[in-house]
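Structure, as structure tokens:
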Amino acid sequence: MVDPEFPASLAELPEPELPGPSWARVAVTTGGICGSDLHLFAHNTGPSPTLASIGTFPFVLGHETAGRIVETGPGCSLATGTRVVVDPCIPCLPRGIDPPCANCARGWTSSCLNLDSRILSSGRSLGYTMDLGGGWADTVVAHESMLHPLPDGIAERGASLYEPVSIACHGLLRAEPAEGDPVLVVGAGIIGLAALAALRGLFPRSPVTVLARHPHQGAAATACGADHVVLGDPDNGHWEELAALSGSRVIGRKRHQMLMGGFPYVVEAVGSPQSVTEALRAVAHRGTVLLLGAAGISEVDLTPIWYKEAALVGSIDHTVDASSAPGLAGGPGRHSVDRALDVLSAGLLPDSVVVTHEFGLEDYREAIQTAIERHRSHAIKVVFRP
């Protein structure tokens with residue numbers, strides 16, 4: 001039933017057909033609620049109107065999807081009954097576009113130039129399509145290239161965590177921290193904690209400091225192995241703590257403070273104007289800020305980029321990264337989803353810590369509200385269990 005006051009509704013839809021012989025149908029066992037999903041319900045980051053034409057409404061939500069294969073086309077090599085997670089991106093290969101675009105030909109499937117082509121599907125990825133199902137549904141269909149077998153040691157409850165960890169793994173390999181360099185993660189929601197886990201799985205010699213907004217997030221960061229946790233202070237006292245940890249000093253006044261010196265590598269994991277500004281102000285001279293938060297139009301202090309000669313690096317989605325890293329998930333030429341599954345198998349992002357709430361699809365409004373009001377609910381990762 002459609003509620004004009006709420007932008008999502010629970011609906012009975014026809015089962016999507018398999019689009020081709022190399023596709024499979026997956027019965028969803030776990031579907032995560034992502035921060036980007038919440039942008040539909042609460043304006044927690046700035047808008048991105050330049051992307052408005054890429055998708056169409058309505059669509060079936062959910063791009064963090066784990067489940068079990070229940071049907072395969074004749075060209076799919078995976079067996080019925082296989083537990084899998086789904087890379088939600090729909091680049092050239094699943095769309096049947098041949099020859100592929102220039103970026104897919106390079107292996108940059110996360111940067112596919114045909115995500116907005118509307119060939120095969122109207123959406124750029126699962127979770128933004130109408131005709132393929134999604135993670136907030138009973139079933140979803142996916143091309144074999146989008147499916148990754150789920151190791152036995154990963155429980156269904158935490159299976160959808162592969163997606164934020166894969167986001168972090170790909171981002172970290174877009175611009176790698178130097179061996180042993182200290183890293184600051186700004187934000188201790190699920191993306192920040194996933195970045196912490198990915199850092200431990202890819203660059204284990206790099207000590208990680210996490211800047212958390214809420215005490216329950218700080219406690220989760222500690223439980224997930226952060227070397228240091230600093231709680232954000234409305235009166236800006238956290239800058240002195242960050243300075244002490246990075247061997248730097250604080251300049252500026254009141255709301256406009258910055259580290260002279262700072263952390264060689266900073267992961268921005270929220271996307272809000274405040275967190276992007278803090279990440280830039282905390283980075284060391286000629287350091288790197290990796291933008292994992294889905295920031296849009298907002299007012300951000302860009303002074304540190306030119307004053308500190310810092311590099312701001314963007315990243316999105318999942319792909320095969322040719323580079324390697326020294327940690328357990330760091331082999332060369334691996335897909336970021338498979339790296340993420342290694343991180344989860346090693347227990348570096350325990351679902352007992354980060355999966356705080358589970359709901360059935362019928363309770364979708366309560367689930368979304370719980371995720372939005374995390375300061376009250378102490379939610380970190382909210383999942384659906386269809």
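Key figures for this structure:
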quantity: Inter-residue pairs, beta-carbon under 8 Å, first β-branched (Val, Ile, Thr) and in segment 31-57, second in a helix (DSSP H, G or I) and crowded, with 19+ Cβ neighbours inside 10 Å, 6+ apart; calculated: 33/367; 33/368; 33/371
quantity: Residues of segment 320-347 satisfying the condition of being open to solvent by less than 40 Å² (accessible area, probe 1.4 Å), in a loop (DSSP other than H, G, I, E, B) and in contact with a Leu (Cβ under 8 Å, 6 or more places away or on another chain); calculated: 323, 325, 327, 329, 330
quantity: Yes/no for residue 302 being open to solvent by 30 Å² or more (accessible area, probe 1.4 Å), at pLDDT 95 or above, over 14 Å from residue 265 (Cα atoms) and hydrophobic (A, V, I, L, M, F, W, C); calculated: yes
quantity: Qualifying residue in segment 163-177 (condition: surrounded by fewer than 24 Cβ atoms within 10 Å (Cβ to Cβ) and in a loop (DSSP other than H, G, I, E, B)); calculated: yes
quantity: Residue within segment 106-117 that is under 20 Å from the mean Cα position of the chain (by Cα), buried (at least 21 other Cβ atoms within 10 Å of the Cβ), of a type in the set (Ser, Thr, Tyr) and closer than 16 Å to residue 148 by Cβ present; calculated: yes
quantity: Filtered residue count, segment 45-71, keeping only those that are among the aliphatic types (A, V, I, L, M) and assigned to a strand (DSSP E or B); calculated: 4
quantity: Single unsatisfied condition, residue 340 versus (1) over 20 Å from residue 109 (Cβ atoms); (2) in contact with a Ser or Thr (Cβ under 7 Å, 6 or more places away or on another chain); calculated: (1)
quantity: Looking only at segment 14-29, and only at residues there that are assigned to a loop (DSSP other than H, G, I, E, B) and of a type outside the set (Asp, Glu), the one that is most open to solvent (accessible area, probe 1.4 Å); calculated: 14
quantity: Selection count where residues are in a loop (DSSP other than H, G, I, E, B) and of a type outside the set (A, V, I, L, M), scope segment 105-162; calculated: 21
quantity: Qualifying residue in segment 35-43 (condition: open to solvent by 40 Å² or more (accessible area, probe 1.4 Å), over 30 Å from residue 188 (Cα atoms) and assigned to a loop (DSSP other than H, G, I, E, B)); calculated: no
quantity: Residue check, residue 81 small (Gly, Ala, Ser), assigned to a loop (DSSP other than H, G, I, E, B) and under 22 Å from the mean Cα position of the chain (by Cα); calculated: no
quantity: Qualifying residue in segment 80-99 (condition: hydrophobic (A, V, I, L, M, F, W, C), under 17 Å from residue 16 (Cα atoms) and crowded, with 18+ Cβ neighbours inside 10 Å); calculated: yes
quantity: Filtered residue count, segment 58-78, keeping only those that are of a type outside the set (Val, Ile, Thr) and open to solvent by less than 60 Å² (accessible area, probe 1.4 Å); calculated: 11
quantity: The listed residue being among the small types (Gly, Ala, Ser) and in contact with a helix residue (DSSP H, G or I) (Cβ under 8 Å, 6 or more places away or on another chain), out of 232, 218, 237, 247; calculated: 232
quantity: Residues within segment 357-382 that are part of a helix (DSSP H, G or I) and either open to solvent by 40 Å² or more (accessible area, probe 1.4 Å) or of a type outside the set (Phe, Trp, Tyr) (or both), tallied; calculated: 15
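The values are calculated or read from the model by the stated rules, or taken from the named source; none is laboratory data. Quick caveat: nothing in here was measured; it's all calculated off a predicted structure. Please note: Cβ atoms are built from the backbone with ideal geometry, for glycine as well, and neighbour counts cover all protein chains shown. Calculation scope for accessible area: heavy atoms of the full protein, side chains included, ligands and nucleic acids excluded. Shrake-Rupley method; radii C 1.70, N 1.55, O 1.52, S 1.80 Å.
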